[in-house]
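Peer 1: Sharing a structure with you now.
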């Protein structure tokens, strides 16, 4: 069966998510939930020379959210914090290569939002300290 | 297998709905989301067109023929709706929707209550029959209690009764759950309300389109439903309220059209139902609602009830043959289910690729989802333009999706 939405790359990343799991030691860790549907993503990553050296994610949710998180962790390795902060939703969507309705777009960008929020939260904490 | 009890011509009815001709990927539309909104027959669409082409004018105040006729048509619909639910004409208020009707009751009723008074809702309420009461209770310092559900996911009437005390002033419950399609025993709840001088408010959004309602027989004080779930356009809803209660409570929305006299200092309000219809109403929507009720009554509400019941039974039979599929409750016209290991969003998206329209998610019932221990379901909802073939296509597409996700 062929699907327009659930293309081979999406199903591959859903069935065999890359970088799935926990990091023993990490610099950033954050979890977010899409309360509208219960999709959950937790991302942890480690920096070296200001670039993302290692990143892992855990999650429960629809195929789009898992596949997107998996693809994102591959894309984001080696990027600086600034590059991550400036990484746009549209760029992720382009990489996924599928056309999504507004509701499903939320599934797709959950992992990116979690990643960005982890950086924001740490920055806020640093300011407070 | 032919459905046995159809007493109307289903093929003819389906032909009245132009949207069913929608084709995608060589597949015609299988619309299974009528609980979200119903499709519209040509008769209703054409009535709206005729109104705007030949009859449009504002109502009630103007002095020319076009307006007089528009007023008469609007008022005639009040009569049609009143007869539809065995109420009096002045007990019918037009609103925008069930949600607005319920907000109207909540705002207007809760002003009358005292601090510490109590309200009873249920766990299976749609957010529109939960959030208004919840939020206004915070404002007026009232207490909200929630009746539990029994193993059939019906409101547990014994449990509801146990929540009643001297301070209970309002019970607000759904007639048919928009998520599970389970029907609640309103008559029994009404008896409890009557014995204890409690106002009973019923959300009839999912029952009014499906079977004959009789507000006197049910024993309700207020009842709300939406036009767009019963073949009429969006933007027109109904609130029924017992005359003596509507006369007592304050308006919710103020403005032109609901007054007798206005000075800078104060205002005398109009009589019923004008008091609750401020501003220009959805005149074309109301007239279309009249047309949709006529359409439904021509088929016969009992016939519709029987047909949907039989189609639901057929659907449940077929769905229960799918291994790994779990249905929640036994509903009328509405079926919520999940399939092992496949997220409702993924299932709904795959069905969409076969041009099958279902809903996936929490269905505006987050507390019910939490109670069931899930995040969402796939919901199928049936109406008079669905047939056995629609169910067969749904099942085929579900089986394909399961294989795809294996």
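Peer 1: Return the total of residues in region A:21-67 being within 14 Å of chain B (Cβ to nearest Cβ) and either in a loop (DSSP other than H, G, I, E, B) or touching a strand residue (DSSP E or B) at 6+ places or on another chain (Cβ under 9 Å) (or both).
Peer 2: Residues that pass the stated criteria total 17.
Peer 1: So in region B:250-262, with the set limited to residues that are out of contact with any helix residue (DSSP H, G or I) (no Cβ under 9 Å at 6 or more places or on another chain) and touching a residue at least 12 places away in the same chain (Cβ under 8 Å), which one is surrounded by the fewest Cβ atoms within 10 Å (Cβ to Cβ)?
Peer 2: B:256
Peer 1: May I pose another question? Conditions first: (1) closer than 30 Å to residue B:292 by Cα; (2) touching a residue at least 60 places away in the same chain (Cβ under 8 Å); (3) touching a strand residue (DSSP E or B) at 6+ places or on another chain (Cβ under 6 Å). Residue B:173 passes all but one, so which condition is the exception?
Peer 2: With respect to (1) closer than 30 Å to residue B:292 by Cα; (2) touching a residue at least 60 places away in the same chain (Cβ under 8 Å); (3) touching a strand residue (DSSP E or B) at 6+ places or on another chain (Cβ under 6 Å), residue B:173 is out only on (2).
Peer 1: Same structure, new question: Answer yes if at least one residue in region B:142-159 is surrounded by 23 or more Cβ atoms within 10 Å (Cβ to Cβ), part of a loop (DSSP other than H, G, I, E, B) and modelled with pLDDT of 95 or more, and no otherwise.
Peer 2: Yes, that holds for at least one residue.
Peer 1: For region A:71-85, enumerate the residues that are in a helix (DSSP H, G or I) and more than 17 Å from residue A:41 (Cβ to Cβ).
Peer 2: A:81, A:82, A:83, A:85
Peer 1: Output the number of residues of region B:162-213 satisfying the condition of being outside any helix (DSSP H, G or I) and within 24 Å of residue B:83 (Cα to Cα).
Peer 2: Count: 23.
Peer 1: Tally time: how many residues in region A:91-104 are over 13 Å from the mean Cα position of the chain (by Cα), within 14 Å of chain B (Cβ to nearest Cβ) and part of a helix (DSSP H, G or I)?
Peer 2: Number of matching residues: 3.
Peer 1: Restricting to region B:387-403, count the residues that are within 14 Å of chain A (Cβ to nearest Cβ) and touching a helix residue (DSSP H, G or I) at 6+ places or on another chain (Cβ under 7 Å).
Peer 2: Adding up the residues that qualify gives 2.
Peer 1: Could I ask something else about it? Which members of region A:106-129 meet the condition of being farther than 12 Å from residue A:31 by Cα and buried (at least 18 other Cβ atoms within 10 Å of the Cβ)?
Peer 2: Of everything in region A:106-129, those that are farther than 12 Å from residue A:31 by Cα and buried (at least 18 other Cβ atoms within 10 Å of the Cβ) turn out to be A:106, A:107, A:108, A:109.
Peer 1: Can you name every residue in region B:263-276 that is buried (at least 17 other Cβ atoms within 10 Å of the Cβ) and in contact with a helix residue (DSSP H, G or I) (Cβ under 8 Å, 6 or more places away or on another chain)?
Peer 2: Correct list: B:269, B:272, B:273, B:275, B:276.
Peer 1: Condition (residue is assigned to a loop (DSSP other than H, G, I, E, B), buried (at least 23 other Cβ atoms within 10 Å of the Cβ), within 10 Å of chain A (Cβ to nearest Cβ) and touching a strand residue (DSSP E or B) at 6+ places or on another chain (Cβ under 7 Å)) applied to region B:370-386: is it met by at least one residue?
Peer 2: Yes, region B:370-386 contains a residue that is assigned to a loop (DSSP other than H, G, I, E, B), buried (at least 23 other Cβ atoms within 10 Å of the Cβ), within 10 Å of chain A (Cβ to nearest Cβ) and touching a strand residue (DSSP E or B) at 6+ places or on another chain (Cβ under 7 Å).
Peer 1: Enumerate the helices (runs of 4 or more DSSP H) found wholly within region B:1-90, keeping only those where 1 or more residues are in contact with a strand residue (DSSP E or B) (Cβ under 6 Å, 6 or more places away or on another chain).
Peer 2: Correct list: B:65-85.
Peer 1: Hey, another quick one. Can you name the residue in region A:2-17 that is surrounded by fewer than 15 Cβ atoms within 10 Å (Cβ to Cβ) and in a loop (DSSP other than H, G, I, E, B) and, of all such residues, is farthest from the chain's Cα centre (by Cα)?
Peer 2: A:2
Peer 1: Which fully enclosed helices (runs of 4 or more DSSP H) of region B:277-363 have 1 or more residues being surrounded by 17 or more Cβ atoms within 10 Å (Cβ to Cβ), touching a residue at least 40 places away in the same chain (Cβ under 8 Å) and more than 14 Å from every other protein chain (Cβ to nearest Cβ)?
Peer 2: B:283-299, B:301-320
Peer 1: Looking at region B:277-313, which of the residues that are out of contact with any helix residue (DSSP H, G or I) (no Cβ under 6 Å at 6 or more places or on another chain) and over 30 Å from residue B:7 (Cβ atoms) is modelled with the highest pLDDT?
Peer 2: B:282
The values are calculated or read from the model by the stated rules, or taken from the named source; none is laboratory data. If you're wondering where the values come from, they're calculated on a predicted model, not measured in any experiment. Glycine gets a Cβ as well: all are built from the backbone with ideal geometry, and neighbour counts include every protein chain shown.
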